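What follows is a short report on a single structure.
The values are calculated or read from the model by the stated rules, or taken from the named source; none is laboratory data. Keep in mind the model is a prediction, meaning the values are calculated, not measured. Virtual Cβ from ideal backbone geometry, glycine too; neighbours counted across all protein chains shown. For the accessible areas, the whole protein counts, side chains as well, though only heavy atoms, and no ligand, DNA or RNA atoms are used. Shrake-Rupley method; radii C 1.70, N 1.55, O 1.52, S 1.80 Å.
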Amino acid sequence: MKRMLTKGAALAAVMLMAVSAFAAKAKNSKEVKIGGIFPLSGAVAVYGVECKNGIDLAIEEINKAGGIDGKPIVLISEDDEGNQDKTVNAFKKLTIKDKVTMVIGSLTSGCTMAITPLSQASKVVQIAPAATATAVTDAGDFVFRACFIDPFQGTVGGRFASENLGKKRAAILYDAGNDYSVGLTENFEIAFKKNGGSVVAKEAYSTGDKDFNAQLTKIKSAKPDVVYLPDYYGTVALIASQLRAQGIDTPIVGADGWDGLATNAGDEVLNGFYSNHYAPDSTSPKVQKFVAAFKAKYNKEPNAFAALGYDSLYMLKDAVLKAGSTDAKAVRDALKSTNGEYVTGKLSFDGKRNPVKSAVMVELVKDKQGKLTSVYKTTVNP
């Protein structure tokens, strides 16, 4: 970590000069350029592709309506493949070569935190659509996020398992090398115990593992009535398949990393519930308008990453309008005072530029055509 920050500080000094040199030119530009960094390929590509789809839809809508003060928005996007080194390279390219002073991305917490010190030092506004780790905004006041944070999300999962599902004996299977998984585990455990439950088994694995049968054997012997799986959809699909094969038929509970399971898993994830940023079957007019527009453009239902990308772009648009400028400092100050209705809920920022908004719990079910989908269960407020 020390080496990364030292290299980052040196790089940031170079970028600070570059961004300053081009500030006047950007101010008089005939377009509003925004950088985007997403995993468009690799293990978590569904997050990046859907997030960019949401952003592209927002840009299309805004540009059709005349852009921002008559200036069209142009997105310059880079694929980081979910790799931190590639995230840094993408940031360098966007801020030095393309001269952007506003960046949306990346998606996972690790990749996002690889560039937050650079954003802060070079005074580039950064919005993280879906990076939920607590430390994401610690780098400073140029860094924002559109999603709620892991402590809240883990707490939501623990409360839901105990209060809504009525469970008393939880087992947890988590990735010990993934900050996202560890943070969710800690807060789920606290909330579940606080509500009268007990954690009867807590097993860990390493990132990239494919065989979880040893851990699941121990979990089965502990006789849990609910299993918490705080990881991304690809790993969760593997675990759920092995879990059901061992005869563990309890409900399974997770977090927003599960978004993508509906198109990447089968019956093994039924009786599964996860916290998320929005529910596409909500009756909110904003949600329904967004879902209809997304379906018309892409012929599929938008997941939470699409909604968070869409909201990130609209937050930047609103801030630029409020600031009356694309100057990064002015946009930063305008973003801090955000207080409005977006697809993922009514949103304002706390002192660390984390959104204050609700979370939803959704259930994985089969629709009338036998296709796996998610449906709204309940809302949990902060």
Inset, instruction - Pick out which of 185, 108, 263 has the largest mean-square fluctuation in a Gaussian network model of the chain, springs linking Cα atoms closer than 10 Å. - result: 263
Legend entry - Full-extension gain in nm, residue 60 to residue 377, via 0.36 nm per residue minus C-alpha separation: 110.9 nm
Legend entry - Kirkwood Rh (inverse of mean 1/r, distinct Cα pairs), region 204-351, angstrom: 18.0 Å
Inset, instruction - Report the antiparallel proportion of the DSSP beta bridges in the chain as a percent, rounded to a multiple of 5. - result: 40 percent
Inset, instruction - Return the distance in nm (one decimal) between the two label points of a simple spin-label model at residue 329 and residue 249, each offset 7 Å from Cα along Cα→Cβ. - result: 6.5 nm
Legend entry - Estimated 222 nm signal from helices in the chain, with DSSP H stretches of n ≥ 4 weighted -39500 (n - 2.57), rounded to 500: -13000 deg cm²/dmol
Inset, instruction - Calculate one ³J(HN,Hα) per residue across region 140-157 by plugging θ = phi - 60° into the Karplus curve 6.51 cos²θ - 1.76 cosθ + 1.60, and present them in order as whole Hz with x for glycine and proline. - result: x, 7, 9, 10, 10, 9, 9, 9, 6, 9, 4, x, 5, 5, x, 5, 4, x
Inset, instruction - Provide the percentage of antiparallel DSSP beta bridges, counting only those with both residues in region 59-218; round to the nearest 5. - result: 5 percent
Legend entry - Highest to lowest packing among 31-44, 299-312, 234-247, scored as the average C-beta count within 10 Å: 299-312, 31-44, 234-247
Legend entry - Kirkwood-based Rg to Rh ratio, region 105-225, C-alpha trace: 1.08
Legend entry - Phi to ³J(HN,Hα) by Karplus 6.51 cos²θ - 1.76 cosθ + 1.60 over region 41-54, Hz, x for Gly, Pro: 9, x, 5, 10, 4, 4, 5, x, 4, 5, 4, 5, 4, x
Inset, instruction - Mind giving me the nanometre distance, one decimal, between the label points for residue 267 and residue 85, set 7 Å out from Cα along Cα→Cβ? - result: 4.4 nm
Inset, instruction - Answer with one residue from 349, 243, 292: the one whose Cα lies farthest towards the positive end of the charge dipole of the chain, charges on Cβ with Lys, Arg +1 and Asp, Glu -1. - result: 349
Legend entry - Order of exposure, largest accessible area first, which applies to 95, 326 with probe 1.4 Å: 326, 95
Inset, instruction - Show the residues, 5+ positions off or on another chain, whose built amide H is closer than 5 Å to the amide H of residue 104. - result: 35, 36, 37, 127
Legend entry - Fully extended contour minus Cα-Cα distance, from residue 193 to residue 369, at 0.36 nm per residue: 59.5 nm
Inset, instruction - Calculate the radius of gyration of the Cα atoms of region 212-273 to one decimal place, then report Dmax, the largest Cα-Cα distance, as a whole number, both in Å. - result: 10.7, 31
Legend entry - GNM result for the chain, Cα springs below 10 Å: residue of 131, 262, 279 fluctuating most strongly: 262
Inset, instruction - Could you give the size of the charge dipole of the chain about its Cα centre, using +1 on the Cβ of each K and R and -1 on the Cβ of each D and E, expressed in debye and rounded to the nearest 20? - result: 740 debye
Inset, instruction - For residue 211 and residue 41, compute 0.36 nm times the residue count separating them, minus their Cα-Cα distance, and round to one decimal in nm. - result: 58.8 nm
Legend entry - Rounded FRET efficiency, nearest 0.05, which uses the C-beta distance separating residue 241 from residue 69 and R0 of 51 Å: 0.45
